[in-house]
Structures are given as structure tokens and as C-alpha cells.
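Below is one structure; the comments refer to it alone.
The values are calculated or read from the model by the stated rules, or taken from the named source; none is laboratory data. Since this is a predicted model, take the numbers as computed values, not measurements. Please note: Cβ atoms are built from the backbone with ideal geometry, for glycine as well, and neighbour counts cover all protein chains shown.
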Amino acid sequence: MLQNLKNFFKLCLILKNRGNWLLIRKSKKQLWDFFICQNGLIQKPLFSAMIYWFQMLKGLDILVWRLETFGFLFSQRFDDNDRKHLNKYLK
């Protein structure tokens with residue numbers, strides 16, 4: 001449980017540093033549905049979703065990879081120019 005809490009704070013730092021905030025602000029509902037497991041891939045009751053995310057926090061690298069895949073996090077190798085290029089169609 002301590003590892004999950006530690007990973008939660010690491011995830012918050014990763015979101016602060018590498019979060020694609022333009023996309024997050026533009027698609028809040030999709031991100032919220034992703035977190036409460038109500039999107040097309042995984043549909044779970046709210047209590048099951050909380051347990052699911054608690055389990056996902058054990059392996060932070062997989063969770064970060066999923067957020068990178070959906071575009072909510074930038075990859076570590078991207079600089080500011082790459083980030084601007086990726087988001088130029090979101091405005």
C-alpha cells in the first residue's frame with residue numbers, strides 16, 4: 001500500500017512536468033471516463049474502478065505508458081518544439 005501511495009505522488013509529479021495540458025483541458029470528459037473506467041475499452045462499476053486503479057498504481061510504468069499512448073503525457077524525449085508541433089491542431 002505504501003508503494004501505491006508513493007507511485008501516486010510520482011504520477012502527480014510526472015503529470016505536472018510532462019502533462020499535455022492543452023489536450024487534457026480539451027478532452028476532460030474522455031479523461032474522466034478513462035479514470036472511472038466508463039470508456040469503450042473497460043467498463044466497470046465505480047467501486048471496481050477504484051480497486052482497478054489502486055492495482056494499476058503498483059506498476060507505475062504501465063500506467064505512464066498508457067497515458068503516453070493516449071496523448072495525455074508527452075514522452076520524455078520531446079522538447080518544447082515537438083510539443084508545440086503535436087498540439088498545433090488542438091487550438
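Being surrounded by 12 or more Cβ atoms within 10 Å (Cβ to Cβ) and either closer than 21 Å to K6 by Cβ or not small (G, A, S) (or both) is the filter here; which residues of the stretch 66-83 pass it?
Passing the criteria: R66, L67, E68, F70, F72, L73, F74, F78, D82, R83.
Helices (runs of 4 or more DSSP H) wholly in the stretch 5-91 with at least 1 residues that are among the small types (G, A, S) - which ones?
Here the list reads 46-56.
Considering only residues that are under 10 Å from the mean Cα position of the chain (by Cα) and either among the acidic types (D, E) or at pLDDT below 85 (or both), which ones fall in the stretch 33-65?
F34, F35
Under 6 Å between Cβ atoms, at least 6 apart or on separate chains: pull out the pairs that start in the stretch 23-52 with a residue that is on the phi > 0 side of the Ramachandran plot and end on any residue that is small (G, A, S) and surrounded by 14 or more Cβ atoms within 10 Å (Cβ to Cβ).
C37/A49
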